[in-house]
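Q: Provided herewith is a single structure, encoded as structure tokens, for subsequent inquiry.
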Amino acid sequence: MPELELDLTVNGRRITRHVDPSYRLLDLLRDDLALTGTKEGCGAGECGTCSVFVDGKLFKSCLMPASKAQGTTIETIEGLSRPGELTPVQRAFHKTGASQCGYCIPGMVMAATSALRENPAAGIEEIKERMGGNICRCTGYTKIFEAVEIARDVIAGTLPETALNPELTKTSYIGHNTRRLDAPSKVSGRLKYAGDMEMQGMLHMQVLRSPHAHARISRIDTSKAEALPGVHCVITCDDVPGEDGFGVFVHDQPIMARGKVRHVGEAVAAVAADTVRIAREATKLIAVEYEPLPGLYDPEEALRPGAPVIHDYAADNVVKHIPLRKGDIETGFAAAELIIEERFSTQQVEHAYLEPEAGIAYVDHDDVVTVISPSQNITHHRHMLSTIIDKPINKVRFIMSPVGGGFGGKEDMIYQGMLALSAMKSGRPVRLVFTREESIMASAKRHPSRTSYRMGLTKEGRITAVEFSMLSDGGAYGMSSEGVMRKAAILSCGPYEVENIKVDTTVVYTNNTPSGAFRTFGGMQAQFATESMMDMAAEKLGLDPFEIRRRNMMKAGSRTHTQQTLNSASIDRVLEAAETASRWEAGPPNVRGANRSDLDGPDTRQPCTLGARFNEARHQIEKAKVAS
């Protein structure tokens, strides 16, 4: 198709360009004009990272065809202020600490600027509404909204300009608001993430991924892809010169599928070409023959005799089992006057960081293979890659680019090996940027879990015994599963003194998307079950939930479940602060009136729903407002 000629004004300068008819405005800005402050987080108009002004109106540039920009005036984050300067909105974002990973911040600044341009006196609810099309995964939004309010008041003159000045750190950073050193580059859009970086002669990578969850690979033919003009190299597992296998604890994952695929979306081959379009077309020319195998999608099925084997080294499909024992479990339950049993489950969770996975690899003048990526584990990745590409460690270098959100999800070396192999084979720098669909399909998730819990207590609420068994779905590869299970076992009984425990955490292979590191690293799944059991016990015993926790909490001198003696413990202060901050109404959960003392008598308690308590609290707050 013939190229389109576009004539438009961008950040005050008239621009004429010939572009591909398939271009979006986002592609024109990023790829042709190098205005990388405008980000691509989703490509579907959901996240707002690509927000720009078109003729003064806020638009999501990933949804706008470049052809529609003909004759328009475009303003991007780079055009809001002169180099080295920041607008009041940008300074306010810097002031409040609104930028954390920073990937969403250019879009947030554009949306905030739009809100105040449309209505300089916008109240907080209007600000929230106008910024509703922008997503942040780090901050919780509070500091962002606070920044917009400060900027509004400074612009209106109701706050002095000095309200945007940096605060003095005094003699210590501890206990003081400290501005991030990288905040100016984030709020101005100048900070370069891996997907923003370019190198001279850079090639673009696209990956062919498996449509099958479990299948044997009988043949891969890359000849047609290699013959396509613009393609510089095609790589498969056959291009790995060293020991092919990586992982945080067990090196069970190949750079690309070797012999068989184990989950939908697993990399089978990769192409490095002059453009993303050529590389994408080349992947369609790679012929792969699969022999489908029975799949495993349920962790309990993975443990059954005769279940399909995912990895030959683990015939029982068990990645790791962590047992933990303390005291005598039978004696503990014999001493209990109340025994509670329950099952809990948690689901798979996507990290949804705003920055999709991306990276660049090149071989420098000293034959050092260099990978730039937002890796959260670069030292480990470097050592693994050294073995995989069969080079001494001094010939492998990893550079950590700014991380546009990670939450543990960028701890695993999912794609860096492919980049390194392509750079070595082609002799050129190679860049890969995942689409949002690829990120969801191929990256690790939070471990789904199923927990069987048995707790014994006295009538006074003292825990006498805990039996805890968690089964987790590790997916197709081990990744961080062993560490997650260790943390889940260690934290299984919470910050409570329990003399008799029997804990088992087990993670198994399935043909689901791999599970890996995620915030809390196994602690969330365990604590969800434990704290739920504490609330259930409080209800059955007629105790206040805070009180039952105080009766069991660890103190200085307590011995943990793994037999360490604590020199100090802060849970008493945490409980007190939580009770005060929540304006807790003392008493057992879901009841009004006196506590029950008879566990076996009829239940004459009246239910008190959360909604009713919320409405009552709101009513009291409104009365207080009127009175004041």
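Q: Residues in the range 18-52 that are closer than 22 Å to residue 197 by Cβ and in a strand (DSSP E or B): how many? Full working, then the answer.
A: At the first step, the residues of the range 18-52 found to be closer than 22 Å to residue 197 by Cβ are 19-20, 23-43, 47, 49-52.
Checking the rest, the ones that are also in a strand (DSSP E or B) come to 19, 24, 51-52.
Here the count works out to 4.
Q: Right, here's the next one. State all residues of the range 76-91 that are under 27 Å from residue 401 (Cβ atoms) and in contact (Cβ under 8 Å) with a residue 12 or more places away in the chain; if no residue qualifies, say none.
A: 76, 77, 78, 79, 80, 81, 86, 87, 89, 90, 91
Q: While we're on this one: For residue 459, which of the numbered conditions (1) surrounded by fewer than 24 Cβ atoms within 10 Å (Cβ to Cβ); (2) outside any loop (DSSP other than H, G, I, E, B) fails to hold?
A: Failed condition: (2).
Q: When you scan the range 143-188, how many residues do you find that are assigned to a loop (DSSP other than H, G, I, E, B) and surrounded by 11 or more Cβ atoms within 10 Å (Cβ to Cβ)?
A: Initial filter on the range 143-188 (assigned to a loop (DSSP other than H, G, I, E, B)): 157-160, 165-182, 188.
Now restrict to residues that are surrounded by 11 or more Cβ atoms within 10 Å (Cβ to Cβ): 159, 166, 169, 176-180, 182, 188.
Residues flagged as assigned to a loop (DSSP other than H, G, I, E, B) and surrounded by 11 or more Cβ atoms within 10 Å (Cβ to Cβ) within the range 143-188 amount to 10.
Q: Of all residues in the range 411-437, which are under 24 Å from the mean Cα position of the chain (by Cα), farther than 14 Å from residue 207 by Cα and aliphatic (A, V, I, L, M)?
A: 413
Q: What residue, among those in the range 123-140 that are in a loop (DSSP other than H, G, I, E, B) and touching a residue at least 12 places away in the same chain (Cβ under 8 Å), is farthest from residue 352 (Cα to Cα)?
A: The residue in question is 131.
Q: Which one of these is assigned to a strand (DSSP E or B), crowded, with 18+ Cβ neighbours inside 10 Å and among the aliphatic types (A, V, I, L, M): 307, 336, 270, 282?
A: 270
Q: Let me ask something additional. Quick check: is even one residue across the range 104-122 outside any loop (DSSP other than H, G, I, E, B), in contact with a Cys (Cβ under 7 Å, 6 or more places away or on another chain), closer than 30 Å to residue 178 by Cα and at pLDDT 95 or above? Break it down into steps so the answer makes sense when it comes.
A: Step one: of the range 104-122, the residues outside any loop (DSSP other than H, G, I, E, B) are 105-118.
From what is left, the residues that are in contact with a Cys (Cβ under 7 Å, 6 or more places away or on another chain) are 107-108.
If we keep only those that are closer than 30 Å to residue 178 by Cα too, we end up with 107-108.
Add one more test, that the residue is at pLDDT 95 or above, and what stays is 107-108.
Checking the range 104-122: at least one residue is outside any loop (DSSP other than H, G, I, E, B), in contact with a Cys (Cβ under 7 Å, 6 or more places away or on another chain), closer than 30 Å to residue 178 by Cα and at pLDDT 95 or above.
Q: Would you confirm, using the coordinates I've provided, whether residue 460 is within 29 Å of residue 209 (Cα to Cα), among the acidic types (Asp, Glu) and out of contact with any helix residue (DSSP H, G or I) (no Cβ under 6 Å at 6 or more places or on another chain)?
A: no
Q: Please give the number of the condition residue 520 fails out of (1) assigned to a loop (DSSP other than H, G, I, E, B); (2) in contact (Cβ under 8 Å) with a residue 40 or more places away in the chain; (3) of a type outside the set (A, V, I, L, M).
A: (2)
Q: Going by the structure shown, is residue 467 part of a loop (DSSP other than H, G, I, E, B), surrounded by fewer than 22 Cβ atoms within 10 Å (Cβ to Cβ) and not basic (Lys, Arg)?
A: Against the criterion (part of a loop (DSSP other than H, G, I, E, B), surrounded by fewer than 22 Cβ atoms within 10 Å (Cβ to Cβ) and not basic (Lys, Arg)), residue 467 does not qualify.
Q: Does any residue of the range 249-266 turn out to be touching a Lys or Arg at 6+ places or on another chain (Cβ under 6 Å) and not aromatic (Phe, Trp, Tyr)?
A: Checking the range 249-266: at least one residue is touching a Lys or Arg at 6+ places or on another chain (Cβ under 6 Å) and not aromatic (Phe, Trp, Tyr).
Q: I'm trying to understand the selection: among the residues of the range 189-245, which are polar (S, T, N, Q), surrounded by fewer than 15 Cβ atoms within 10 Å (Cβ to Cβ) and touching an Asp or Glu at 6+ places or on another chain (Cβ under 6 Å)?
A: Residue satisfying the conditions is 218 alone.
Q: Taking the conditions exactly as written (surrounded by fewer than 24 Cβ atoms within 10 Å (Cβ to Cβ) and either part of a helix (DSSP H, G or I) or aromatic (Phe, Trp, Tyr) (or both)), does residue 387 satisfy them or not?
A: Values: surrounded by fewer than 24 Cβ atoms within 10 Å (Cβ to Cβ): yes; either part of a helix (DSSP H, G or I) or aromatic (Phe, Trp, Tyr) (or both): yes.
Here the answer is yes, as residue 387 does meet what is asked.
Q: On to the next question. Here's a check for you: in the range 470-498, which residue that is without any contact (Cβ under 8 Å) to a residue 60 or more places away in the chain and touching a helix residue (DSSP H, G or I) at 6+ places or on another chain (Cβ under 8 Å) is surrounded by the most Cβ atoms within 10 Å (Cβ to Cβ)?
A: 470
The values are calculated or read from the model by the stated rules, or taken from the named source; none is laboratory data. Note that the structure is predicted; figures quoted are calculated from it, not measured. Cβ atoms come from the backbone with ideal geometry, glycine included; neighbour counts cover every protein chain shown.
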